[in-house]
Amino acid sequence: MTALLKIALRNIFRNKKRSLITLVAVSFGLSALIFLRSFMYGAQTQMIDNITRTLTSDAQIVPKALENIYNTNAYLENADEIREIIKKDPRIEGAAERVIAAGIVASATSSMPTYIVGGTREMEDLIKSKNTLVEGRDLGPEDEHSAIIGKKMREVLGVNLGDKIVLTSQDYYGSMSGEALKLVGTFETGNDQIDNGTIVIRMATAQRLLSIDQKISKFAIKVRDGVDVDKVVRDLRLHITDPNTKVLTWEELIPMMAQLIQFQNGTLFVVVMIVLVVVAAGILNTLMMSIIERIREFGLMMALGTTPGQVIFLVVSESFILTMLGAVIGFGVGISVSIYLGHQGIDLTSFVSTFSNFLIGSHVYPKIDWAYMVLFVVVVFISNILVSFYPAWRASKLVPVDAMRQVG
Amino acid sequence: MVVGSDLAEMSPVELSKFRLNKIGFVFQAYNLIPVLTAKENVEYPLLLQKVSKKELENRSTELLEKVGLKDHMNKRPTQMSGGQQQRVAVARALATKPEMILADEPTANLDSQTGELLIELFRQLNEDYKTTFVMASHDPEVISQAKRVVRLKDGRVML
């Protein structure tokens, strides 16, 4: 075997140009896959982080009517019981209570429909909600007659910090109610729909506006790092037996986002297949060329007593060595580029309007998904080794005397 | 039947083993493995036989010395003359101590002086190792050295 490995290694350096082309194909293919997955994983991580920290948290407990995230004006009738259940679960890091309603916000010159979020920064901090404030200040306990709105909404309404806006909504009993509120700050999430259609007020303000006493619309729950969200949700469902109360993960709340991630992973699978076929075709071409050129040599080796199995070993070894070198280079380049761009970020400002609704942001920071990285290396290895068996088999079937008659 | 074995009954693997252990080959066009040095070419069939490292070393060195290539052991085929390559091929053919060596026009690509030296080497090895040499040749000098000559014309044995 040592002699065959020595021959395999030297054969690779025999036709340097061809081996180099194959090496480049393997390493470029692998590094492209690594970078692509890192880019996708980074974007997905940012998207999930932004969604969970801006909108949904890890999971929510909502009345059945709010199963659809776009619904409003529904309230939990068993909030005290749920509060106790949450308190007892040590896997839950925090829960923020929110009131959700629909309304109309108006300035002196303009008015627009809005999504009303009633809550407190103190509770939002418990679930590590993102503070997206860009102007003014956040709402404190004393701000029962104040509001913050999306920056774009402020521009549409034509108001400035300190100005009065009027918020109206339908209260618990079906009557119209309104509040004059002072604008103390604006936020910017990057999502046009949110920035142009949301007003945030204190919980007490919302409860007063909607005449719901101490009622709330939902609990947004954050589980501790490393805890399986699905498991926590399953357990909460066992404890919360009221059929009108739902415990939902963020994927269930925004299924479109979860589907988008699945679609991206599916697309990646197709790209992986294409790259694998291209790389494997490169290896196959190199080996076939190399074997055609060396038919006499294989005939000689077989005449000297090399068995068909040893010929297969020799050819597959050449593929193995080439793939290994290519994999080392490709892995190094792919990981290095991903780490570098993971720090620098990739500026996608020109595309921001296209995917602002996905809450990715203007810069994507590639992130290494080690499980996929190892998988790519293994898959490239296996496919290249498998593909090399065909030329190896062809070589092993040569009849020495016929092979040696070939003009070399 | 060749060297006591029925070749028609053998599988490809058995044929490989038979060639490895019983037969040595010397070709008209030398046919050395180009990526191996002279010494490695001689060692190649021994490695296939899984001969110990020490014996491998001893046998390849001894044979290369015997064919007069002591100073060319680490040269690759492209760095050697035709005569030198043919002598490496002879050393390789002898390495496994085969019972028979088949030599196809062994002197055809050599100048007359080198050809004579090669035939002399065959005769010497025949005496030393009792190896049978079966040669195909058009060279009268080679034919004159043979203990038995079978003439072929258009594929038929001439009586």
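Values as computed for the structure displayed
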item: Cross-link partners of B:Lys22 among lysines (Cα-Cα below 17 Å; sequence separation of 8 or more within a chain); result: B:Lys50, B:Lys97, B:Lys130
item: Buried on assembly, the stretch A:304-346 (at least 10 Å² less accessible surface than by itself, 1.4 Å probe); result: A:Leu304, A:Gly305, A:Thr306, A:Thr307, A:Pro308, A:Gln310
item: Per-pair calculated FRET efficiency, R0 = 25 Å: A:Glu135 and A:Thr349 via Cβ, rounded to 0.05; result: 0.75
item: Surface accessible to a 1.4 Å probe, B:Val150 within the full protein complex, Å²; result: 80
item: Chain B: relative contact order in percent, alpha carbon pairs under 8 Å with at least 6 residues between; result: 26
item: Protein accessible area in the stretch B:7-158, 1.4 Å probe - carbon and sulfur %; result: 49
item: Nearest-0.05 FRET efficiency for B:Ser52 and A:Glu93, computed from C-beta distance (R0 51 Å); result: 0.15
item: Label-reachable residues, the stretch A:382-408, where backbone N falls under 17 Å from a point 7 Å from A:Glu293's Cα toward its Cβ; result: A:391-392, A:395, A:407-408
item: Nearest-20 debye value, the stretch A:70-252 charge dipole, Cβ charges on Lys, Arg, Asp, Glu; result: 80
item: Distance between modelled label sites at B:Lys130 and A:Met176, nm, 7 Å Cα→Cβ extension; result: 12.2
item: Charge tally in the Cβ shell below 15 Å around A:Glu155, where Lys, Arg are +1 and Asp, Glu are -1, A:Glu155 excluded; result: -2
item: Approximate spin-label separation B:Gln113-A:Ser362, in nm, with each point projected 7 Å along Cα-to-Cβ; result: 8.5
item: Gain in span if fully extended, B:Asp71 to B:Asn21, counting 0.36 nm per residue against the direct Cα distance; result: 15.2 nm
item: Percent RCO, i.e. relative contact order, over the stretch A:70-252, from Cα pairs under 8 Å lying at least 6 residues apart; result: 30
item: Distant-in-sequence amide H partners of B:Val35 (H built 1.01 Å from N, under 5 Å); result: none
item: In the B-A interface, the accessible area buried, summed over both sides, Å² (probe 1.4 Å); result: 1900
item: Estimated [θ] at 222 nm from DSSP helical runs (n ≥ 4, -39500 (n - 2.57)) normalised by residues in chain B, nearest 500; result: -14500 deg cm²/dmol
item: Karplus (6.51, -1.76, 1.60) ³J(HN,Hα), θ = phi - 60°, over the stretch A:206-211, in Hz, Gly and Pro reported as x; result: 5, 5, 6, 4, 9, 6
item: Between helix A:2-12 and chain A: long-axis angle, C-alpha atoms, 0 to 90°, nearest 10; result: 70
item: Rough spin-label spacing in nm, given labels placed 7 Å along Cα→Cβ, for A:Val401 and A:Arg10; result: 2.9
item: Residue mean of other protein chain beta carbons inside 10 Å, B:5-15; result: 2
item: Hits among lysines - C-alpha to C-alpha of A:Lys246 under 21 Å, sequence gap 8 or more where chains match; result: A:Lys64, A:Lys87, A:Lys88, A:Lys215, A:Lys218, A:Lys222, A:Lys231
item: Chain A - mean residue ellipticity at 222 nm from DSSP helices (-39,500 (n - 2.57) per run, n ≥ 4, rounded to 500); result: -17500 deg cm²/dmol
item: Test item: Cα-centred dipole of the protein assembly as shown, Lys/Arg +1 and Asp/Glu -1 on Cβ, debye; result: 2340
item: Paramagnetic reach from A:Glu144 (point 7 Å along Cα→Cβ, amide N under 14 Å) across the stretch A:150-186; result: A:180
item: Estimated D of the stretch B:16-159 in µm² per second, where Rh is the Kirkwood radius over Cα pairs and Stokes-Einstein applies at 10 °C, 1.306 mPa s; result: 103
item: Potential lengthening between A:Ala108 and A:Trp370 on full extension [0.36 nm per residue; Cα-Cα distance subtracted]; result: 88.8 nm
item: Computed lengthening from A:Asp192 to A:Tyr340, 0.36 nm per intervening residue step minus Cα-Cα distance; result: 50.3 nm
item: Heavy-atom accessible surface of the stretch A:70-252: percent carbon and sulfur, 1.4 Å; result: 51
item: Whole-number percent relative contact order across chain A, with pairs defined as alpha carbons under 8 Å at least 6 apart; result: 27
item: Heavy atoms of A:Lys152 accessible to a 1.4 Å probe, total area in Å² rounded to 10; result: 80
item: Residues of chain A: accessible area per residue with a 1.4 Å probe, Å²; result: 47
item: Electrostatic dipole magnitude of the stretch A:277-408 [Cβ: Lys, Arg +1; Asp, Glu -1; Cα centre; debye, to 20]; result: 300
item: Accessible area per residue, Å², the stretch B:119-159 with all protein chains present, probe 1.4 Å; result: 84
item: FRET efficiency for A:Ile321 and B:Ile143, using Cβ-Cβ distance with R0 set to 56 Å, rounded to 0.05; result: 0.75
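The values are calculated or read from the model by the stated rules, or taken from the named source; none is laboratory data. What you are looking at is a predicted structure, and each value in this text was computed from that prediction instead of being measured. Reconstructed Cβ throughout: ideal geometry from the backbone, glycine too, with neighbour counts over all protein chains shown. Note: areas computed on protein heavy atoms with side chains; ligands, DNA, RNA excluded. Shrake-Rupley method; radii C 1.70, N 1.55, O 1.52, S 1.80 Å.
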